[in-house]
Every structure is written in C-alpha cells, then in structure tokens.
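Worksheet: one structure, shown below.
The values are calculated or read from the model by the stated rules, or taken from the named source; none is laboratory data. Model, not experiment: these values are computed from the prediction. Neighbour counts run over all protein chains shown; Cβ positions are idealised from the backbone, glycine included.
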Amino acid sequence: MADLQAPIINWQIKKGETKAGLEEQRVLIIAQGAGTAPFKELQEDVQPTEVEALFGAGTLATRAYQNFRKYNKANEVDIISLQEPVGGTAGQGGFLIEGTATENKTLNYRIGDDQFLVSTTIIKGETDAEIAVKIATDINAKGYPFTASLDGVDLSLVLIDFDFKGEMSNGLTVSVDTKRVAGITFTPVAFSGGAGSHDTADLFDGITKRFHSVLFDEAMNFDDVETFLQGRVNLTNTVKGGSGFKMLNGTISTTKAFADSKNSQTMTVFANLDEMKINALPILAVSEFVAKRALRLTEDAVLGDLVIEAQEAFGGIEKASLPYHNTPMSYKKPKKEIIIEQVIDLNDSGLSLIVPTDTGTTLGSLVTLYKRDGTGVLDTTFKYLNAMDTSYAIQEYLFNNSQSEFGQTRATNGDLVEGVAMTNPESVASYIIGLYDDLVDFALAQGGADAKKSFIKTLEVSLDATTGTYSVFAPVAIVAQFRGLNGVVAISYTFN
C-alpha cells in the first residue's frame with residue numbers, strides 16, 4: 001500500500017470544458033382518446049406497446065402517435081387524450097356510384113386520408129346499387145375510423161360516417177385512385193356536419209415540461225394552445241419555448257379569414273385548400289410533419305431523404321436555420337393547383353401549405369401566424385417557422401451555457417482577481433462573444449468580420465453590483481433562408 005507515502009498527489013475528476021448543448025426534442029399530442037388514461041391528464045413518454053391500451057385502438061390520439069412513429073422513433077412523445085365533444089355530432093360524407101359496369105376492374109379509393117386505402121372488385125354487369133353494397137362492405141371491413149351504410153332513398157349512394165364526434169372530419173373526402181371503370185361514374189361527397197368542441201377547461205394547469213411541438217385536432221380550442229405556448233416564449237430562469245401545429249380544411253377565403261384574425265409567433269397552421277386538396281386527415285398530416293421536424297432538430301439523427309444536400313444528412317441545432325421547403329411528404333399530388341401569387345398571399349396571411357411536385361407532395365414555405373408587433377405595426381421578424389426555430393435554439397444555447405459558466409461566480413465592476421471565480425462586465429461580454437462565434441459555426445448567426453464587429457459594437461453588458469445582476473443586450477443577426485431569386489436575362493444579338 002502506497003497510500004501513506006510521500007509525495008501526496010491529488011487528481012480530481014471534473015467534467016471537461018465542453019459547451020452545454022440543447023435538450024432533446026419533446027412532442028405533445030392533444031387529441032380524442034378512449035382508453036384507460038384519464039381524460040385531460042398528461043401521459044409521459046408513451047411507448048408503442050402501451051398506446052392502444054392507454055388511448056384506445058383506432059382513436060385519433062393513437063393514430064396520431066402511430067403515424068408519428070412511422071417517421072420518428074427517436075423522440076419522446078407525451079399525450080393528452082380528450083373526450084368526444086358532449087352533445088356533438090360526427091361528420092358525414094359520401095360516395096355516389098352511377099351506371100352499370102361494362103368491364104371487370106379493381107377500384108382503388110382512399111377514405112379521408114391517403115393511408116386509408118380500400119379496394120373493391122367490380123364485375124362486368126354489376127349495377128350501381130350492387131357496387132354500392134360491395135363498397136360499403138369493404139370500407140367497414142378495414143377498421144378505419146369510418147362507418148359506411150347505404151342511403152335509404154338512393155341505394156347507389158354510400159353514406160360514410162366519421163366515427164368520432166366533433167369538427168375533425170369536416171372537409172374530408174374520398175379520393176379515387178383508379179382512373180376509370182367503364183360504364184360507371186364515381187362522385188365523392190365531401191364530409192360536413194361535424195360539430196362540437198372538446199372540454200379543455202384547465203387543460204394546461206400544472207404542466208411544467210417543455211414541449212418543442214404541440215399538435216392538436218380541429219375540435220381542440222385553438223386559443224387555449226396559443227395562450228399556453230405564447231406564455232412560454234420568455235420565462236424567468238428557464239427556457240420553455242415551443243410551437244403549435246394544426247391543419248385547417250377549407251377554401252382560400254375561409255382559411256385566410258381564420259389566419260387574418262390571428263397574430264402569433266408560436267402557431268403554424270397548414271391550409272388544406274379545396275382549390276388544391278390533398279387527401280389528408282388533418283391530425284395525421286400534422287403528425288407526419290412534426291415527426292420530421294423533431295428529427296431534424298435531434299443531434300445526429302439520420303435524416304435520409306428529408307434533406308437535399310448530403311452534408312445536411314444528420315440532425316442537430318444547425319437544422320433550425322435549414323429551410324423546410326422541399327421536405328418530402330407522403331401525400332399524393334392534388335388534382336388541382338393554385339398559382340404562385342395565391343401561395344404568396346396565403347403565406348402573407350400566415351398559412352403554410354403542402355404543395356404538389358411531379359411525383360407527390362412536399363412542404364412549401366412554412367410560416368407562423370405572426371404579422372404585427374405589439375404596437376400593431378407590420379413586422380416580418382417571426383414570419384417564418386425557421387426564424388422561430390433559430391430564435392429558440394439561440395435562446396437555449398445562450399441560457400444553458402451562461403447557466404453553466406456562471407453558476408457560482410463573484411461579480412465586480414472592478415478588475416478580476418486571478419485564481420478565483422469572478423466576473424466583471426468585460427469578462428461576461430467576452431464569454432458571450434465566444435458564444436456568438438459558436439452560433440456562427442452552427443449556421444444560426446451571421447458570420448464574417450463585419451457581422452462580428454457589429455455584434456461586438458452593439459453588445460451591451462452592465463452590472464448592478466448591489467443586486468449582482470448583469471443586464472445584457474445582445475442583438476444577434478440570424479441566418480435567413482434562400483427563398484427566391486429575381487434575375488434578368490438581357491437578350492441581344494451582339495456580344496458585350
């Protein structure tokens with residue numbers, strides 16, 4: 001034993017001088033459920049093996065969770081299930097069949113969402129009423145959230161009821177994959193008549209966890225979610241900011257009317273337009289997007305086809321500034337399209353779109369509902385979701401590292417004493433400038449000599465020695481996204 005021998009040597013184990021990173025992405029789903037989990041009670045870190053027991057097989061909460069997991073198996077998902085609206089009604093749509101088949105063919109069609117595929121075998125000579133019976137039977141055999149029956153008067157009309165009360169199904173439709181069946185015409189009837197809202201009284205009381213993404217169905221009170229998230233943008237001694245997501249079915253005019261009435265940096269609303277309709281159950285489309293967003297912002301997550309450039313293939317803090325547009329979505333190309341001027345107008349109102357490509361669909365520019373500052377002046381600072389993602393990332397990075405660096409230090413307006421934990425305005429400013437360099441490397445803040453010079457020049461740090469409180473003003477010029485290029489081609493018959 002050498003414990004008593006001289007010299008006496010001490011090596012202490014402490015963490016290295018690494019910077020504090022960001023916490024893992026966390027998602028909250030708020031939707032209709034019917035399992036063992038009490039309504040309006042937060043269930044944390046739900047696992048695939050327990051989701052059906054907790055929230056019911058086939059419910060919207062369960063389906064949203066399972067759809068999220070198709071694209072993202074990395075991030076924690078919490079769920080709050082809500083009871084069907086008391087006294088509400090379920091939406092109803094239809095599928096009108098007319099004629100007599102003059103060929104054998106398999107009819108492929110999708111009820112309410114592209115993933116709800118149904119196939120019906122049609123035999124030459126079958127009448128519309130006979131085909132209607134087969135279609136209703138095939139729909140009911142699938143276990144989708146729809147129940148089909150025949151109209152009591154027009155036996156060639158298949159009535160399709162959404163299985164849950166509330167506004168969630170309004171605007172859904174039937175999309176037919178098969179181009180044509182000789183002798184037969186098919187006319188979808190859009191869903192309507194869904195009514196009723198969830199009881200959300202005191203829903204967010206006592207919730208202290210941070211949620212980077214909150215997604216919810218149409219029967220959820222929009223303002224409740226917005227108020228919850230907006231109140232978390234700037235909290236004392238913590239970072240809890242996040243964004244809310246939903247999809248709204250309707251026409252250009254009705255969706256614009258909704259968006260024009262709102263002004264929020266924390267909310268992103270997808271418009272599924274009658275004029276450019278994708279076949280999507282809103283909460284499923286949103287769960288797909290949120291899954292991909294969370295994956296992008298997860299350190300070292302494999303992004304695969306979510307990004308175009310190979311150097312962007314792994315997730316992390318720097319993806320906060322990478323544009324969302326051109327991220328592929330699973331939905332089929334809509335049959336109708338609007339023009340780019342209408343897209344720009346909808347974006348300016350605060351609506352985001354899933355847009356057609358040659359082979360399917362992709363994300364367009366993603367915006368928030370923010371349009372004016374607190375004084376009512378038009379402002380584009382937080383117009384784009386990337387701006388909010390970037391702002392949240394910068395806020396969290398500065399908070400976490402300041403908390404780590406200054407967790408137990410003295411403060412003085414005088415000179416520092418060597419060998420002790422002490423700060424003054426100059427040392428705090430120097431540390432923040434170092435963090436700014438990190439933000440440049442993360443592609444969140446603008447780099448270069450001029451940008452850094454401007455940051456240093458406008459950075460203000462002062463100390464109130466009586467309270468030990470530093471006041472810091474740090475104007476960070478964030479990285480934007482390449483959203484357009486305006487060029488001029490000058491045509492002539494001579495060389496310049």
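Does Leu459 satisfy the criteria of being without any contact (Cβ under 8 Å) to a residue 12 or more places away in the chain, among the aliphatic types (A, V, I, L, M), farther than 30 Å from Thr268 by Cβ and out of contact with any Pro (no Cβ under 7 Å at 6 or more places or on another chain)? Spelling it out, it is not the case that Leu459 is without any contact (Cβ under 8 Å) to a residue 12 or more places away in the chain, among the aliphatic types (A, V, I, L, M), farther than 30 Å from Thr268 by Cβ and out of contact with any Pro (no Cβ under 7 Å at 6 or more places or on another chain).
Selection of the stretch 302-315 for residues being surrounded by fewer than 20 Cβ atoms within 10 Å (Cβ to Cβ) and within 24 Å of Arg26 (Cβ to Cβ) yields Val302, Leu303, Gly304, Val307, Glu312, Ala313, Phe314. Screening the candidates Leu369, Leu485, Leu444 for the property of being surrounded by fewer than 16 Cβ atoms within 10 Å (Cβ to Cβ), within 30 Å of Asp348 (Cβ to Cβ) and under 34 Å from the mean Cα position of the chain (by Cα) yields one hit, Leu485. Residue count for the stretch 198-217 satisfying the condition of being in a loop (DSSP other than H, G, I, E, B) and crowded, with 22+ Cβ neighbours inside 10 Å: 4.
Of the residues screened, Glu299 is one that is more than 15 Å from the chain's Cα centre (by Cα), surrounded by fewer than 24 Cβ atoms within 10 Å (Cβ to Cβ) and not in a helix (DSSP H, G or I). Candidates in the stretch 398-418 are the residues that are part of a loop (DSSP other than H, G, I, E, B) and under 27 Å from Lys453 (Cβ atoms); of these, the one that is nearest to the chain's Cα centre (by Cα) is Phe406.
For every residue, the table says whether it meets (1) surrounded by 19 or more Cβ atoms within 10 Å (Cβ to Cβ); (2) outside any loop (DSSP other than H, G, I, E, B).
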residue: Arg232; (1), (2): no, no
residue: Thr236; (1), (2): no, no
residue: Gly241; (1), (2): yes, no
residue: Asn263; (1), (2): no, no
residue: Phe270; (1), (2): yes, yes
residue: Ile283; (1), (2): yes, yes
residue: Leu295; (1), (2): yes, yes
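Checking each residue in the stretch 411-436 for being charged (D, E, K, R) and surrounded by 13 or more Cβ atoms within 10 Å (Cβ to Cβ) picks out no residue at all. In this structure, Val290 qualifies as in contact with a Ser or Thr (Cβ under 8 Å, 6 or more places away or on another chain) and β-branched (Val, Ile, Thr). Check the stretch 419-433 and report whether any residue there is modelled with pLDDT of 95 or more, part of a loop (DSSP other than H, G, I, E, B), closer than 14 Å to Ala477 by Cα and out of contact with any strand residue (DSSP E or B) (no Cβ under 7 Å at 6 or more places or on another chain). No, the stretch 419-433 contains no residue that is modelled with pLDDT of 95 or more, part of a loop (DSSP other than H, G, I, E, B), closer than 14 Å to Ala477 by Cα and out of contact with any strand residue (DSSP E or B) (no Cβ under 7 Å at 6 or more places or on another chain).
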